[in-house]
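Colleague: My questions all concern the structure below.
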């Protein structure tokens, strides 16, 4: 016990002597961390590009009667495609999309809805376009990555029949989850 107290007092005296030598009154301590470089970065200046843009390809003019027919056809199709739709996936019977679509102009669509998978529903947003007889939709679940759920994305291409009232469409889809490929297959849309 006596040896332990002698050893403890020796350590105490040694540490006190170090502190006394480290800082003398009136001495200014030198910084141990170098100062940060606060100089402004040198700007990168490039000369402007004064080249003329290439001429856009000229579109062939259709006779006025054909132009009006194709415009009316697109308007009719976009009006017929607006509304409530149910989309089923042939090889994924546990999933169902219920969408409300509307046309934002002649060839662009947007909307919202729900996806039901394994008896759980979640919200989705829809954007898409109509080109000739193909309706291309991108359906994305609105689940946040912060909630711990990975959002699903469906890229759907549906063929529009050339009839005055469209009630069914069929096509294909690609399903990705968190950017990773999950599967693909056939899809069928039915207007409600």
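The values are calculated or read from the model by the stated rules, or taken from the named source; none is laboratory data. Keep in mind that this is a model prediction, so the values were computed, not measured. Cβ atoms come from the backbone with ideal geometry, glycine included; neighbour counts cover every protein chain shown.
Colleague: How about region 103-151: which of its residues are more than 21 Å from the chain's Cα centre (by Cα) and loosely packed, with under 15 Cβ neighbours inside 10 Å?
Modeller: Correct list: 105, 106, 118, 119, 120, 131, 132, 133, 134.
Colleague: Does residue 12 count as farther than 30 Å from residue 122 by Cα, surrounded by 10 or more Cβ atoms within 10 Å (Cβ to Cβ) and at pLDDT 60 or above? Explain how you work it out, then say what you get.
Modeller: Details: farther than 30 Å from residue 122 by Cα: yes; surrounded by 10 or more Cβ atoms within 10 Å (Cβ to Cβ): yes; at pLDDT 60 or above: yes.
For residue 12, the condition - farther than 30 Å from residue 122 by Cα, surrounded by 10 or more Cβ atoms within 10 Å (Cβ to Cβ) and at pLDDT 60 or above - is met.
Colleague: Looking at 94, 98, which one is in a strand (DSSP E or B), at pLDDT 85 or above and surrounded by fewer than 12 Cβ atoms within 10 Å (Cβ to Cβ)? Explain how you work it out, then say what you get.
Modeller: On the way: 98 fails: surrounded by fewer than 12 Cβ atoms within 10 Å (Cβ to Cβ).
Checking each option against the conditions leaves just 94.
Colleague: Okay, moving on. Could you check region 75-91 and list, in sequence order, the residues that are surrounded by fewer than 17 Cβ atoms within 10 Å (Cβ to Cβ) and part of a strand (DSSP E or B)? First the steps, then the outcome.
Modeller: To start, the set of residues in region 75-91 that are surrounded by fewer than 17 Cβ atoms within 10 Å (Cβ to Cβ) comprises 75-76, 79, 82-84, 86, 88, 90-91.
Those that are surrounded by fewer than 17 Cβ atoms within 10 Å (Cβ to Cβ) and part of a strand (DSSP E or B): 83, 84, 86, 88.
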